[in-house]
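Below you'll find the structure, written out as structure tokens, and then a few comments.
The values are calculated or read from the model by the stated rules, or taken from the named source; none is laboratory data. None of these values were measured; they are calculated from a predicted model. Glycine gets a Cβ as well: all are built from the backbone with ideal geometry, and neighbour counts include every protein chain shown. When the accessible area is computed, the model is the full protein with side chains, heavy atoms only, and any ligands, DNA or RNA have been set aside. Shrake-Rupley method; radii C 1.70, N 1.55, O 1.52, S 1.80 Å.
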Amino acid sequence: MGALKEIPSYIEHHRLALKLKPILVGELYLARKLKFPVFIFRNGIFYPVISEGTFPTKDIITTLIRNSYREVYLYPEDISEIKANLENALIKITRSLSVGDPLENGTKDLKLLSLNLAGVYQNPHNDDLLMLQFQSSQNLSKFLIENKKFLPYYYHSLTKENFHFTLSQPMLSSLMLLSFLNTIHAFHEKELENLFMASYLKDIGMSLIPDEKYDQKVLNERDKQLFSNHADYSFDLLEGRIPLSKNYLTIIKHHHFLNDKLLLLLGKEQKKLQDKDTVLGIESTLVAVFDIVVAMTSPRPYRKSQSLYQALEIIKRMMADDYPQEFRALVVFLKQFFKI
Ligand SMILES: [Fe+2]
């Protein structure tokens, strides 16, 4: 990006602060001709980066992402149009997913769904948005089961989008989970679909955490509590609003139980596991395991990615005693998935 142009007047800047709203940089792909300029916000100042009356080009969007801009700021009129275009594009691809090239369609759907998930995070109480997410991802799960051989391809293509981890992590962990479940042949198709959905929707409760907390390396006790409650928030946000049975909502509610178990094993936590009998099933374990594998092997703003071996060391301690056979299958699967 060239030199940034500052907004000249203080009053003008103040007016912008009241008017502009953020969207994800990736959502600019859904923009047509812009009525107003697009801004970035840095050190308390708005800088225009795309002019009014133009289209955001792929080059500009890629440059913004490479420069670590997660959000851009737009006038509400342009945002409404982009959000409507995104919803329409998602509905269109959902309806025609099986028509044409499965690699292209699947990749496009994953990208649009992840961008739409950002909207759900911004408006977690909006029923229409949540239903669109649910129906589209459920439809996608059927498509992914039919096209299971492409799951590693879809996974790697989504990692290349450079979405913020809060948006990519749910889909990445669910793609990997589904890929593994296909190899062990222990579940019916409907169970695969529901486990995929539970895994994908498990972090919706993160929407109640303020954006700036995600990239902080050190959190105070209150923030730690906020993060550790997100699984409960997910359950509360979803219960009664989506057609997913209690079993799967319970998996969502306890999707971090392995982390608690590890803390107990390490003697760092005295807390007793709640609802132990309902939680410690193989389904809950696998949903939790793939969340951990993806989180550990992906970079975060405050740390580098860790190796698969480091992730497996941790997971071994969490599940190998209870599920030795599944753990062995997991090691074989992950080495193949990451081509090691
Ligand atoms: Fe989570």
Determine which residues of the stretch 95-127 fall in the zone a paramagnetic label at Ser298 would reach in this model, i.e. backbone nitrogen under 20 Å from the point 7 Å along Cα→Cβ.
106-124
Of all trypsin sites (Lys or Arg not before Pro) in the stretch 129-179, the ones in DSSP coil with at most 16 other Cβ atoms within 10 Å are Lys160
Would you work out the charge dipole size for the stretch 99-337 about its Cα centre, treating the Cβ of every Lys and Arg as +1 and the Cβ of every Asp and Glu as -1, and quote it to the nearest 20 debye?
700
Keeping all protein chains in position, work out how much accessible area Val332 exposes to a 1.4 Å probe, and write it in Å² to the nearest 10.
100
Grab the eigenvalues of the alpha-carbon gyration tensor for the stretch 1-95, scale each by 5, take roots, and send me the semi-axes largest first in whole angstrom.
24, 15, 11
Using a 1.4 angstrom probe on heavy atoms only, work out the carbon and sulfur share of the accessible area of the stretch 1-64 in %.
58
Just want the answer: with Cβ charges of +1 for Lys and Arg and -1 for Asp and Glu, which residue in Leu113, Phe55, Ser199 is farthest toward the dipole's positive end in the chain?
Phe55
Please work out the average accessible area per residue across the stretch 99-337, using the 1.4 Å probe convention, and give it in Å².
47
Coordinate range along principal axes, alpha carbons of the chain, Å, largest first
65, 50, 42
Which percent of the accessible area of the stretch 99-337 is formed by carbon and sulfur heavy atoms (probe 1.4 angstrom)?
50
Only helices counted: for the chain, with every DSSP H run of 4 or more residues adding -39500 (n - 2.57) and the sum spread over all residues, [θ] at 222 nm is -18500 deg cm²/dmol
